[in-house]
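Inspection log for the structure reproduced underneath, given as structure tokens.
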Amino acid sequence: MNTELLTAPESLRRLVLDLRQMETFIEDPLVIQKADGVWYEDVNGRRILDGISGIFTVNAGHNNRRIIDAIKAQLDTMAFAPPLHATSPPAIELVRRLAEVTPEDLNTIKLLSGGSEATEAAMKLARQYHRQTGNPGKFKVISRFHGYHGATMGALSATGTRRRKTMFEPTLHGFLHVHPPTCYRCPFEKTFPDCDVFCARTVEDLVELEGPETVAALILEPVGNTGGIIMPPPGYLSELREICTRHDILLIYDEIITGFGRTGGMFAAQTFEAAPDILCMGKGMSSGYVPLAGIAFRDSIASAFLGREEDEVEFSHGHTFGGNPLAAAAGLANLAEIQDRDLCASARETGAYVRQRLEDLREFGIVGDIRGCGLLAGVEFVADPETREPFDPSLKFGVRVGQSALEKGLLTRFDPNWIALAPPLVITREETDLMLEILWDSIREVVKKTRY
Ligand SMILES: Cc1ncc(COP(=O)(O)O)c(C=O)c1O
């Protein structure tokens, strides 16, 4: 297909992009044909800096030869193994290597293909675990408002983002939501640290009011994405850990975004102070070269699924592409890249630099809060930093900044009130400076148009 045909409405009208209004997309389509390092190239030859790793995915960077060669070698050997009857050498090796880097005794891993599969599997594992350990009444799942756990019905039921779920309601029964630690706009009008992580303590109130004997799991993103990079304040995750332990509730971390070096540790569970019982991984697990996801869980959970055939206690869950050998080969090479090049350290160092430089944005008088850790940064925009008054939603300030950045060659994640940066962990200092310069110019342009 030539470029004209690739960007023509009649070609694009057949596609449905994720969460996008296709009428708008077609007016100004972006069709990418190549990628290398932190750069994309569209079909017109325009270069775009990937400031968001595709979508928090390409941690090891684009066109990584080690990952590509590993996939090619596996492709020449075997592309598919029967998931019900057998496994394969790369799958066995991948779970062995993953068990070495997961926190504490989360040593058993079920391989899957996407983040939604992982969160669904985690919640199903929790329910089946309780059923098989004498607590069949434990079925409810607690999650957080603003959270996103995937597009499938169970994951969506745990999701706390109205825009993504209301049109599909009713969602599943037994899903409860609590407020996340949005400290900049505390829903309880408290201030950290005087609040003594009140929001975490409300989880225990909910558990007691609902009945601990009915609650199976608490699922959350250790660092929330939707809402503009919601950071766990010190003590928050350990408080939740204690509540879960006290009430025999399985703590599930959705590390689909935060895993594989993004927060500066291999997992956020290691960057912060408390480990979960089940950890969901995806996105950066293969850096996007092949669909790959999984869940890791504690030895004590794994043992509840072992028995004789007639006990019927095996995990009653599976997907055709889970444990696919190509995906496993990609996952192995990706993990080796993160470890050998110490990309966790790169995330910490570049991330600290990015956040420090973002502080300078305050001179525009539109920055309310700068949040993040590792190479995951969010900026919340406000009309007045003194009063924290948000911009009039109709101004779509953050969206306009994101769109302006894209016009200038930088891909970010944006929302009416915030913008996030999470480039590949291999980004150089020069590229980081360029990314920040483009963001700077975009904000300057939108401020000018908004204020004058
Ligand atoms: C935190 C989180 N969980 C789960 C998912 C779902 O993953 P997938 O889109 O691979 O199904 C996403 C996707 O963006 C996510 O950000």
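The values are calculated or read from the model by the stated rules, or taken from the named source; none is laboratory data. Just so it is clear, the structure is predicted and the values come from calculations on it, not from any experiment. Cβ sites come from the backbone with ideal geometry, for glycine too, and all protein chains shown count toward neighbours.
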Considering residues that are farther than 21 Å from Pro222 by Cβ, touching a residue at least 40 places away in the same chain (Cβ under 8 Å) and either within 13 Å of the ligand (Cβ to nearest atom) or among the hydroxyl-bearing types (Ser, Thr, Tyr) (or both), the number found within the stretch 130-165 is 1
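Do you know which residues across the stretch 244-298 are of a type in the set (D, E, K, R), at pLDDT 95 or above and over 11 Å from the mean Cα position of the chain (by Cα)?
Once the filter is applied, which keeps residues that are of a type in the set (D, E, K, R), at pLDDT 95 or above and over 11 Å from the mean Cα position of the chain (by Cα), the stretch 244-298 yields Arg246, Asp248, Asp277, Arg298.
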From the option list Glu204, Glu189, single residue qualifying as modelled with pLDDT of 95 or more and either in a helix (DSSP H, G or I) or closer than 21 Å to Thr159 by Cα (or both) is Glu204
Checking Gly365, Gly398 in turn, the sole residue that is touching a Pro at 6+ places or on another chain (Cβ under 9 Å), among the small types (Gly, Ala, Ser) and surrounded by fewer than 20 Cβ atoms within 10 Å (Cβ to Cβ) turns out to be Gly365
Residues in the stretch 230-260 that are within 16 Å of the ligand (Cβ to nearest atom) and of a type outside the set (Val, Ile, Thr) total 9
Given (1) out of contact with any Asp or Glu (no Cβ under 9 Å at 6 or more places or on another chain); (2) in a strand (DSSP E or B), Gly331 misses just (2)
Turns out the strands (runs of 3 or more DSSP E) fully within the stretch 1-110 with at least 3 residues that are surrounded by fewer than 20 Cβ atoms within 10 Å (Cβ to Cβ) are 32-36, 39-42
Taking the stretch 244-272 and the residues there that are touching a residue at least 12 places away in the same chain (Cβ under 8 Å) and among the hydroxyl-bearing types (Ser, Thr, Tyr), the one that is farthest from Met285 (Cα to Cα) would be Thr271
Exactly one of Glu204, Glu169, Glu189, Glu117 is touching a residue at least 60 places away in the same chain (Cβ under 8 Å) and either away from the ligand (no atom under 15 Å from the Cβ) or touching a helix residue (DSSP H, G or I) at 6+ places or on another chain (Cβ under 9 Å) (or both), and that one is Glu117
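In the stretch 307-329, how many residues are in contact (Cβ under 8 Å) with a residue 24 or more places away in the chain and either outside the structural domain of Ser88 (by TED's automatic domain parsing) or not polar (S, T, N, Q) (or both)?
Restricting attention to the stretch 307-329, the residues satisfying the condition of being in contact (Cβ under 8 Å) with a residue 24 or more places away in the chain are 313, 315-329.
Among the residues that remain, those that are also either outside the structural domain of Ser88 (by TED's automatic domain parsing) or not polar (S, T, N, Q) (or both) are: 313, 315, 317-319, 321-323, 325-329.
The qualifying residues number 13.
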The condition from (1) surrounded by fewer than 16 Cβ atoms within 10 Å (Cβ to Cβ); (2) free of Cβ contacts under 8 Å to residues at least 60 places away in the same chain that Ala383 misses is numbered (1)
